[in-house]
Amino acid sequence: MTFDIVTIFPAMIEQPLAAGIIGRAIDRGTLDVKVRDLRDFTTDRHRVVDDVPYGGGPGMVLKPDPIFRALDAIETERGAPLTVILTSPQGEPLTQAVAGRLSRSPHVVLLCGRYEGVDERVRARVTDEISIGDYVLSGGEIPALVIIDAVARLVPGVVGDPGSLAQDSFSDELTGWPQFTRPAEYRGMTVPEVLLSGDHARIKQWRRQQAAQRRVSQTKEVKQT
Ligand code: J9Q
């Protein structure tokens, strides 16, 4: 699967993607990720990417021309049609189902927006607008990383142990049981005996029950606030 990321801060994207599971998948060629500096698609001497909003108001708006040029260049290089995602707080909430849908797209472009906004005419080229949650961020770079991580994990061959993927999909039904690793006793705190028992049927039952209990207490916390 191929990702192109269009951003004014390439450094915010490059290092995080070089590490861990995603970095290994890029090295192996399972994923192809290209970070594109929006300034490379400007045509003026000062490489200006933003301008004041028509009608006035605070902040700067990303200009349409560098974005259209970047998308044209990516389309020429990769071939249309492209899935073009704009990260924005107004977008469709990112869920595991949305990630699954995007993972079946061979080629995804991520446009990193800015807090102040993107010229509305860019939306003519956008196929999906996605939010990672309701809070204020400075820009779409971190949301783009979140989307790539969630989507790329679902691409066959990216996650080494296919068992952990199967368990992940199982996890929307049964999410998160308590996990322990060695030592069996740490600062007086012990690991539940069942996990040391080697009785896999009992362990499975215990995890199921613990996960259910955790969901109940999480629901309560939400109701209280
Ligand atoms: C671009 N707050 O926030 C939540 N999902 C995406 C965003 C976002 C933001 C500002 C700029 C994206």
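What would the Debye formula give as log10 I(q)/I(0) at q = 0.13, 0.14, 0.17, 0.18 Å⁻¹ for the alpha-carbon point model of the chain, no solvent?
Debye curve over Cα of the chain, log10 I(q)/I(0) at q = 0.13, 0.14, 0.17, 0.18 Å⁻¹: -0.87, -0.96, -1.22, -1.31.
Just reorder 41, 9 by solvent-accessible area, largest first, 1.4 Å probe, all chains present.
Largest accessible area first, the list is 9, 41.
Using the Kirkwood formula over every pair of different C-alpha atoms, what hydrodynamic radius in Å results for region 12-73?
14.1 Å
How much accessible surface does residue 51 have with a 1.4 Å probe, in Å² rounded to 10?
70 Å²
Relative to the longest principal axis of the C-alpha atoms of the chain, give the angle of the C-alpha long axis of helix 200-224, reported between 0 and 90° and rounded to the nearest 10°.
So the inclination is approximately 50 degrees.
If we count trypsin sites (Lys or Arg not before Pro) as exposed when they sit in a DSSP loop and have at most 16 other beta carbons within 10 Å, what is the longest stretch of the chain that avoids them all?
105-186
Restricting to DSSP H runs of at least four residues, report the calculated mean residue ellipticity at 222 nm for the chain, -39500 (n - 2.57) per run over all residues, nearest 500 deg cm²/dmol.
-12500 deg cm²/dmol
With the alpha-carbon atoms as the only input, what is the per residue convex hull volume for region 84-128 in Å³?
71 Å³
Specify the inter-centroid distance of region 36-50 and region 186-212, based on alpha-carbon positions, in whole Å.
56 Å
Taking only C-alpha pairs under 8 Å that are 6+ residues apart, what is the relative contact order of the chain in percent?
21 percent
What value does region 1-120 have for Rg/Rh, both radii from Cα atoms and Rh as Kirkwood defines it?
0.98
The values are calculated or read from the model by the stated rules, or taken from the named source; none is laboratory data. Note that this is a predicted model, so its numbers are computed, not measured. When we count neighbours, we look across all protein chains shown, and the Cβ atoms used for this are built from the backbone with ideal geometry, even at glycine. These accessible areas exclude ligands, DNA and RNA; they are computed on the full protein's heavy atoms, side chains included. Shrake-Rupley method; radii C 1.70, N 1.55, O 1.52, S 1.80 Å.
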